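Heads up: the structure comes next, in C-alpha cells.
No value in this document is a laboratory result; all are computed from the given coordinates. Keep in mind that what you see is a predicted model, and the values were worked out from it rather than measured. Every residue, glycine as well, gets a Cβ built from its backbone with ideal geometry; the counts of neighbours run over all protein chains shown.
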Amino acid sequence: MERKNFLKSLLVGAASTSILVQACSKDDVSAAESSSTSTSTTGSASGSSGSCSVAPTETEGPFPTKSPASYVRSDIRDDRSGYKLTVNITIKNSNNSCSALSGALVDIWHCDAEGNYSEYGGSGMQSTNYQSVHFLRGRQTTNSAGLVTYTSIFPGWYSGRATHIHVHVYNAAGNSLKVTQIAFPEGTGTALAAVGGYKKGFSGYTYNASDNVFSDGYSLELATVTGNTTDGFVLNMSFSVPA
C-alpha cells in the first residue's frame, strides 16, 4: 500500500473510532435506556410529557403508606393546615405509544407543613408521634385521560430532603408499575419561594441538586407548579409507566 493511502486509512479508522466513542457516551446511553426502560414526565408549562420515556424509579421509604387501599379519596388534607395545593397527575402507558392509561391506581403521600408524616413517629427519624392518623395520603383511579386529582397542602420539608411528593402507580389488578417521586421547581418566583418553607424558613434546607434522591438528576421528575399563597397552588405532572 502506498504511504499516502496507508495514512489515509489510519485517519479514516481514527475518525470512525471517535464517532463510535461519541455514540456510546453517557448521555446517548442514558437516552437509549430511557426510551426502552426508564424515565419521563415533565417540566413543561402544560405539565404534559414531551417524550415517551418511563418515569425514574425512586425509593418508597422511609414513610410509605401502610394500607394504601384504605385511603381511596381525593381530598387528603384531613386536619393539616397549609397553603392549598391541587395535584394533577397524568399516567401514560410507555408500552402503548404513551397513550393515556385509564384504570390505574395512583397513591400519593407527603409530609405536612412541619415536615412530619402520618402513620409514623415517636422515633429518632420523627419525634412527633402520628402513628394513629393518616393525613396527606390518598389513592385515586385514573380516568379515561389517565388523570387523577388530589386536594392537599403544599408540602413542607425535613432534614436531608428537598420538598417532594411520593407516587406509587399500580395497574387495575393491584400490581406495582412504578414507585417514583415529584420534585418542585426552585428559585426566585417559584411556588417554593412563595411558601418560604412555612415557619421553618429555609435555614438548613436541602435543595434538589443536593438531595439524596434527586442529586443524580431530577429534570424528569420536576413538576410544573403555578398559583399563589392567596388562591392556592396547582401542580401538574405526567408520568409514563410500562403497563
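How much net charge surrounds LEU101 when only other residues with a Cβ under 13 Å from its Cβ are counted (Lys, Arg +1; Asp, Glu -1)?
+2
Order these peptides, 158-167, 187-196, by their mean beta-carbon neighbour count within 10 angstrom, highest first.
158-167, 187-196
Report P(r) for region 38-241: all Cα-Cα distances, bin width 10 Å, range 0 to the bin holding the largest distance, values in whole percent.
It works out to 9, 38, 39, 13, 1, in whole percents.
By the scheme Lys and Arg +1, Asp and Glu -1, what is the net charge of all other residues having a beta-carbon under 13 Å from that of PHE135?
Overall, the nearby charge balance is -2.
Provide the net charge surrounding ALA69, with neighbours chosen by a C-beta distance below 13 Å and charges set as Lys +1, Arg +1, Asp -1, Glu -1.
+3
Counting other C-beta atoms within 10 Å, which of GLU221, GLU114 has the fewest, and how do the rest follow?
GLU114, GLU221
Of the peptides 100-106, 197-203, 59-65, how do they stack up when ordered by the mean number of other Cβ atoms within 10 Å, highest first?
100-106, 59-65, 197-203
Multiply the residue gap between ASN175 and TYR207 by 0.36 nm, knock off their C-alpha separation, and tell me the result in nm, one decimal place.
Working it through step by step, the gained length comes to 8.2 nm.
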